[in-house]
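Please treat every number below as a calculation from the coordinates, not as lab data. Every value quoted in this text rests on a predicted model; they were computed, and no experiment measured them. Here the Cβ positions follow ideal geometry from the backbone for every residue, glycine too, while neighbour counts run over all protein chains shown.
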Amino acid sequence: MASHKIKIAARLRPRLENELDDEGITIARSPGGPSCISVPNPRDTSQVFNFPLTSCYDQSSTQEEIFEQDVRPLIDVVYSGVTVTVFAYGVTSSGKTHTMQGTKAEPGVIPRVVEAMFLQKASLERSSVELAVSYMEIYKDEVYDLLVNRETAPKLPVRENDVGQVFVANLTSLPLASVEEFDILYSRASLHRSVGATNLNRASSRSHAVLTLEVTMTDSAAQKTLTGKINLVDLAGSENNKLTGNDPTRMAESAAINKSLSVLGQVVHALNQGASRIPYRNSKLTRILQDALGGSSVGLLICNLAPGIKFRQDTLNTLNFAVRTKNVENRPVVNERDNRPQPKAHFAAIQPPPPKLAPAVLQSIPIHASSSSNPTTTTNAAAGPSRGPRPSRVPRVSGIGAGLAPPLAGAARPRSRPSSAAAIQEKSETRMQLTDQEIDERVGFPPQYELLSRHSTHANLQIARAVEAEVARRLKEREDREREEQARQQQEKENLALKEKQAIEAENEKTQSRSQSEPRLPPGVLTPLLTRHRDLDDELRARLAELEEKFERGNKELQLADVLSPASRKKTGRAYVALARAHSEKGDLQVALDLYRKAETYVPDNVKLRERVLEIEWSVKHGKEFVPSPKKARKARGKKRKVATLALGRAREEGTSMGSAGQSLMGQGSLDDVEEEEGESGHGEASGSALGNIKEEEYEGVAMALETPAKRSRCEIKMEQ
Ligand SMILES: Nc1ncnc2c1ncn2[C@@H]1O[C@H](COP(=O)(O)OP(=O)(O)OP(=O)(O)O)[C@@H](O)[C@H]1O
């Protein structure tokens, strides 16, 4: 069993324009030996923290230096069929993207790795080598494919198959034919990445980006396929929102970035502590990097540091993370598939022989033997990580990027992710190299079965087939369940959308039919009001429209009775009663009856008025004379009288629809009647003072129309005053 500790490199970027640097961070490099970074305590500069690391790069270091010293050796590891993960870590603006991506003038790790991969490919003669790329970002804890149109890119699910391999489902993997092809693809895909400006970085990465290059080497002579992968991870930087000056959108991104980085720290801590549960599942980032942290890949962590004083605390945090991470042990495995037809796939998978790493690999990466003297990496199940990822019967392989298991030789490209069933099957095929006897020994069958198996290859085959069928059945069941669940969720969504649509349509129909049933407003008195107040609510608008219609139909009394306040209704009713009384005194009973009825529309609950209407109706019907009851002497009520007079004026104005008889009598009569009807006090000498409030010309009209001498004289007295 061999383990491999994650290698740590630290890089201090140069001071940027307008950046304050007290040159407090110093890097001591001893050629061939360990280096050390010294950082003063920001709270007490007399105190200095030292961080011994194997690789340290100061501000003058170049992209080439880093690549040649720490990254290039990993290319051999990839070509030996192992998964490698390189990730850049550090506070925002510390130079992670510069290190990984670089610029045209100073290409970073990614373009250099691609170039080196193609060079290596060209040097391999015996095998058929294929390269493929996938590129994704984790933005606000969701995974997106950067090789597809960003607008239509769906969130990709992160899944785990039955043997504990984590993979991103439906991630695009494109074949690569040349460096130039990669450049075009990569520059286009990088535009899809979520980048935004903050106070600390004009082009700050708002997501974690994972670029995966997968190499598939098929040796047809040896009937073997090796699959190596390199994951190049540009993490988003941890952020101090006080410094970044983030707006709400940036804050939300920042929260997601900081949370995922915090989970990364927790995972590293748990691995160092040998915890039974590693919180990989607490964020998509750690879930996807699971294989690189305590898993089966070889890891390189590049810690980027910023020299500014304002970053001092973050620099210390980054280096603390580096120190903790360098204790994390991985157990790399070679992803090899035997292409020969194998009789016993599943039994072989239980305990396959350990494939050996290529000698070049053994030289280039320091693989530390822990408890075994065997210096090679192994695919033995027992050689799997003792902590961290869940133990499985088959060795773990990287789940990041372009697929979980080596692809079949000559598989058509571009291709989609292998399904978990296919992955398992492929995985099973990888380990079909043991003889029947070896299998039986490893499985440890009881003696009677051993005997049987020894003499019966046929029985073994049957069992193998049965197991295979069962595995396939279960996987199919699981996929069916997932499909059903997805269909159900989709159906629910559609139903919900349909219901919402129906509700909206019903509401629209209602509004439409309401507006159709409502008469179109004729240009009456209320139309200008409606036009002016377009913000009226529907109900009030409908009400006003109704009144408008009534008004146009000549139904003025009803309309006004509806519109007026109770006090005004009473006053208008009183005015009609006065007119009616004048008519009845004159003996014009039919007109009087009409006017009393109109008065009733304003004061419908007045019992005496009702009685008067009935009396007159009776007189009209039977052709009898109607003798009005004598007026009672009452105390004057100035205010009431004034209002009543105004109401009388209103009634007069409205008299246009009452016929000539009615018009000639407008303004006539005493106001007493209505007061009488309502049982109120009023009338008397003071009524003159009420009339005095009427405008002069109005007064004249009223005085002329008054028939009774007493009333006329009252008005005249008022005029003289
Ligand atoms: N080694 C370097 N040499 C010259 N300039 C550098 C170097 N490292 C970083 N820079 C510059 O510093 C700035 C910030 O770098 P970069 O964008 O790579 O930071 P980052 O860590 O990726 O930030 P974020 O997490 O916000 O995305 C850039 O303008 C970059 O060009």
Exercise. Read phi for every residue in the range 184-193 and hand back ³J(HN,Hα) as whole Hz from Karplus 6.51 cos²θ - 1.76 cosθ + 1.60, θ = phi - 60°, with x for Gly and Pro.
Key: 5, 5, 6, 5, 5, 5, 5, 5, 6, 5
Self-check item: Karplus-derived 3J(HN,Hα), 6.51/-1.76/1.60, for each residue of the range 217-234, Hz, glycine and proline x
Solution: 10, 10, 9, 5, 5, 7, 6, 9, 10, 10, 10, x, 9, 10, 9, 10, 10, 9
Quiz item: Distance in nm between label sites at R324 and S513, each 7 Å beyond Cα in the beta-carbon direction?
Solution: 6.6
Quiz item: Points 7 angstrom from Cα along the Cβ direction at E19 and K608: gap in nanometres?
Solution: 9.8
Quiz item: If you stretched the chain out fully between R150 and K104, how much longer would it get, using 0.36 nm times the residue separation minus the C-alpha to C-alpha distance?
Solution: 14.2 nm
Quiz item: Which links in K7/K140; K7/K104; K284/K499 stretch past 32 Å when you go from one Cα to the other?
Solution: K284/K499
Quiz item: Once the Cβ-Cβ distance between Q313 and E482 is put in as r, and R0 is 45 Å, what FRET efficiency do you end up with, to the nearest 0.05?
Solution: 0.50
Practice problem: Using label points projected 7 Å from each Cα along Cα→Cβ, tell me how many nm separate R281 and Q462, to one decimal. | Solution: 4.0
Exercise. Let me know the charge dipole size of the range 1-141 about its Cα centre in debye, to the nearest 20, where only the beta-carbon of Lys, Arg (+1) and Asp, Glu (-1) is charged.
Key: 360
Self-check item: Centroid-to-centroid separation of the range 113-133 and the range 296-312 [C-alpha atoms, Å]
Solution: 29
Quiz item: Assuming R0 = 25 Å, what is the FRET efficiency of S178 and E125, from their Cβ-Cβ distance, to the nearest 0.05?
Solution: 0.85
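Counting other beta carbons within 10 Å of each Cβ, put K155, K140, K501, K598 in order, fewest first. Numbers along the way, then the final one.
Numbers: K155 13, K140 17, K501 10, K598 24.
Going from sparsest to densest Cβ surroundings: K501, K155, K140, K598.
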Quiz item: For S173, which sequence-distant residues (separation of 5 or more, or a different chain) have an amide H within less than 5 Å of its own amide H, given hydrogens modelled in the peptide plane?
Solution: R415
